[in-house]
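The values are calculated or read from the model by the stated rules, or taken from the named source; none is laboratory data. Computed from a predicted structure; not experimentally measured. Cβ: placed from backbone, ideal geometry, glycine included. Neighbour counts: every protein chain shown. Please note that ligands, DNA and RNA were not included when accessible areas were found on the heavy atoms of the full protein model with its side chains. Shrake-Rupley method; radii C 1.70, N 1.55, O 1.52, S 1.80 Å.
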Amino acid sequence: MYSERASRLPDAVVWTNTPTGTGAGRVLPDGCMDLLWHDGRLLVAGPDTHAHLTEGSASSPWAGIRFHPGTAPALLGVPAHELRDRRPDLTDLWPAAEVRRATARVNAAADPARGLEDLALRRAAEAATPPDPVLRRVVAALDAGRPVAGTADELGLSARQLHRRSLTAFGYGPKTLARILRLHRALARKGTPYAETATRTGYADQAHLTREVRDLTGLPLGELLAASS
């Protein structure tokens, strides 16, 4: 069972999930990064370029705080591209003593999700450098379907500058982020004919939509939508 709520930390969502079956779960790429708690351990979910398959028993809950695209590196102190398609222990990123203290606090909390949120709030307060405000404009422009070149021009950046800043903030270039955001715009139109969805969300045609869905999620569009029902 999955549930989520808005975090007290701006641009973040707190969530919990207890798998209801023994099969693999499928986490779709979304441009975000998460701080995770599982079986008393702290981990980080880096930005995914393709669906991430998870396995675990139904009795093993997860908790997490999901950060809006581009905001996690300032809190974690690690460029996003170093975590791309990875799920490392937090000890791989922070000093071991600091992780032990953080883990103890989260494990001692009545609710691990609330403990993670408190940890993220402390890190945000201590962060030496806040998230780059330009990043929000990048995400908004790409999510609105603006072309990458036009987005760079609007922000007064060269294509190379936008790519470099995107690697640090999102874990991949702006074209990959645009593909992932477009995918979620399409999936949000569940129940709409595929051809109309393709037209309204920036795909060349229905065939382009189905190819992109399979490439990013590993499933045909119809099967993916059925699995989410």
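Is it the case that some residue within segment 141-148 is under 15 Å from the mean Cα position of the chain (by Cα), part of a helix (DSSP H, G or I) and not small (Gly, Ala, Ser)?
yes
When you scan segment 1-38, how many residues do you find that are among the small types (Gly, Ala, Ser) and at pLDDT 95 or above?
Residues flagged as among the small types (Gly, Ala, Ser) and at pLDDT 95 or above within segment 1-38 amount to 5.
For residues that are surrounded by fewer than 18 Cβ atoms within 10 Å (Cβ to Cβ) and under 14 Å from His38 (Cα atoms), tally how many sit in segment 114-125.
Total satisfying the criteria: 1.
Against the conditions (1) open to solvent by 30 Å² or more (accessible area, probe 1.4 Å); (2) within 20 Å of the chain's Cα centre (by Cα), where does Gly156 fall short? Just the number, please.
(2)
Suppose we keep only residues that are of a type outside the set (D, E, K, R), open to solvent by 50 Å² or more (accessible area, probe 1.4 Å) and outside any loop (DSSP other than H, G, I, E, B) within segment 211-228. Which one would you say is farthest from Thr20 (Cα to Cα)?
Among those that are of a type outside the set (D, E, K, R), open to solvent by 50 Å² or more (accessible area, probe 1.4 Å) and outside any loop (DSSP other than H, G, I, E, B), it is Ala226.
When you check Pro47 against the structure, is it open to solvent by less than 70 Å² (accessible area, probe 1.4 Å), assigned to a loop (DSSP other than H, G, I, E, B) and touching a Lys or Arg at 6+ places or on another chain (Cβ under 6 Å), yes or no?
When the stated conditions are applied, Pro47 passes them.
For segment 1-40, list the strands (runs of 3 or more DSSP E) that sit wholly inside it and hold at least 1 residues that are touching a His at 6+ places or on another chain (Cβ under 8 Å) and in contact (Cβ under 8 Å) with a residue 12 or more places away in the chain; which are they?
12-17, 25-27
For segment 178-209, which positions are in contact (Cβ under 8 Å) with a residue 12 or more places away in the chain, in a helix (DSSP H, G or I) and open to solvent by less than 50 Å² (accessible area, probe 1.4 Å)?
Passing the criteria: Ala178, Ile180, Leu181, Arg182, Leu183, Ala186, Leu187, Thr197, Ala198, Thr201, Leu209.
So in segment 133-147, with the set limited to residues that are in contact with a Ser or Thr (Cβ under 9 Å, 6 or more places away or on another chain) and either among the β-branched types (Val, Ile, Thr) or farther than 14 Å from His163 by Cβ (or both), which one is modelled with the lowest pLDDT?
This residue is Arg136.
Among the residues of segment 104-125, count how many are of a type in the set (Gly, Ala, Ser) and touching a residue at least 24 places away in the same chain (Cβ under 8 Å).
The number of residues fulfilling the criteria is 4.
Here is a check on your reading of the model: is His68 closer than 18 Å to Pro131 by Cβ and open to solvent by 50 Å² or more (accessible area, probe 1.4 Å)?
In short, yes.
So if I check each of Asp111, Asp85, which one is open to solvent by 20 Å² or more (accessible area, probe 1.4 Å), under 18 Å from the mean Cα position of the chain (by Cα) and not hydrophobic (A, V, I, L, M, F, W, C)?
None of the others qualify; the one that does is Asp85.
What are the residues in segment 205-225 that are basic (Lys, Arg) and under 20 Å from the mean Cα position of the chain (by Cα), if any?
Hit for segment 205-225 is Arg214, nothing else.
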